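K.L.:
Encoded as structure tokens, here's the structure I'll be asking about.
The values are calculated or read from the model by the stated rules, or taken from the named source; none is laboratory data. Nothing here was measured: the structure is a model prediction, and the numbers come from that model. A quick note on method: Cβ atoms are made from the backbone with ideal geometry, for glycine too, and the neighbour counts reach across all protein chains shown. Quick note on the areas: whole protein, heavy atoms, side chains included, nothing else; ligands and nucleic acids left out. Shrake-Rupley method; radii C 1.70, N 1.55, O 1.52, S 1.80 Å.
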Amino acid sequence: MFPVHSLCRAAVLIALLPVLFCPLPAQASVVITGTRVIYPGDAQVKTLQLTNEDTFPNVVQAWVDIDDSASTPDTADAPFMVNPPVSRIAAGSGQSLRLVYTGSGLAQDRESLFHLNVLQIPPRNTATVDKNQMLLMLRNRLKLLYRPAGIAGSVDRLPEQLQFRCVQSAGRWLVQVTNPTGFHASFGNASVSVAGREWPLSAQMVPPFATVEWLPVQPQALPSGALKLQAQLINDFGARLDIRHDLAR
């Protein structure tokens with residue numbers, strides 16, 4: 001086993017070169033249950049399950065940041081403690097991570113967003129220890145939503161409460177998305193269609209009580225005709241819910 005060094009933005013360790021890391025999709029062989037973590041505001045602890053599907057042991061290091069994709073355990077600034085922060089998971093075995101909120105003063109009428117980082121560190125190949133090796137360290141970065149019990153309404157009603165409209169701004173068109181609720185609205189794909197053509201949008205998350213602008217990926221003038229929006233809202237379980245709206249010009 002080897003020590004965990006400071007993290008930078010990349011993902012390959014080659015021989016004696018510096019250790020570099022980058023956030024990667026959820027493709028590591030240490031599998032995390034779920035695609036996001038919901039931490040109830042009245043909870044003492046939130047437990048997350050990890051499973052090592054490799055045929056060899058892995059070391060896992062975990063920490064929480066506020067909004068820094070290049071964060072490290074040393075720079076983690078979120079008010080959460082992860083226990084254990086470092087663990088060794090045997091092949092085919094599992095490990096529970098316990099998240100504990102250690103802060104105070106977060107808004108009680110809306111969710112607060114943080115990020116849970118889970119870094120998978122595989123063992124070195126001792127059979128080729130005298131040769132150059134490429135060691136790939138994979139980091140999963142999940143949304144961690146602190147959800148107070150006092151938020152008005154229900155997250156199940158979020159899809160029907162979102163508001164969409166097409167507007168002109170600085171000589172271009174875009175879609176404004178307004179979220180009047182205390183819950184974050186996370187989206188996958190989104191597009192606008194008119195006259196048999198489709199324009200993909202740069203969909204992004206909409207925070208509570210906020211309005212964001214979705215720009216077309218390829219800005220072009222829209223032809224006349226009825227505008228229709230298609231979007232995929234991602235719920236607490238990672239499922240994608242289809243949303244369809246007629247847009248007024």
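K.L.:
Looking only at the range 140-156, filter to residues that are in a strand (DSSP E or B) and more than 22 Å from Val31 (Cα to Cα); which one of those is least open to solvent (accessible area, probe 1.4 Å)?
P.N.:
Tyr146
K.L.:
Can you tell me how many residues within the range 37-76 are surrounded by 13 or more Cβ atoms within 10 Å (Cβ to Cβ), under 20 Å from Gly103 (Cα atoms) and in contact with a strand residue (DSSP E or B) (Cβ under 7 Å, 6 or more places away or on another chain)?
P.N.:
15
K.L.:
Still on this structure, please answer the following. Determine if the range 126-139 includes at least one residue that is modelled with pLDDT under 95, open to solvent by 20 Å² or more (accessible area, probe 1.4 Å), within 24 Å of Asp77 (Cβ to Cβ) and in contact with a Leu (Cβ under 9 Å, 6 or more places away or on another chain).
P.N.:
Yes, the range 126-139 has at least one match.
K.L.:
Quick check, is Leu116 modelled with pLDDT under 90 and of a type in the set (A, V, I, L, M, F, W, C)?
P.N.:
Answer is no for this residue.
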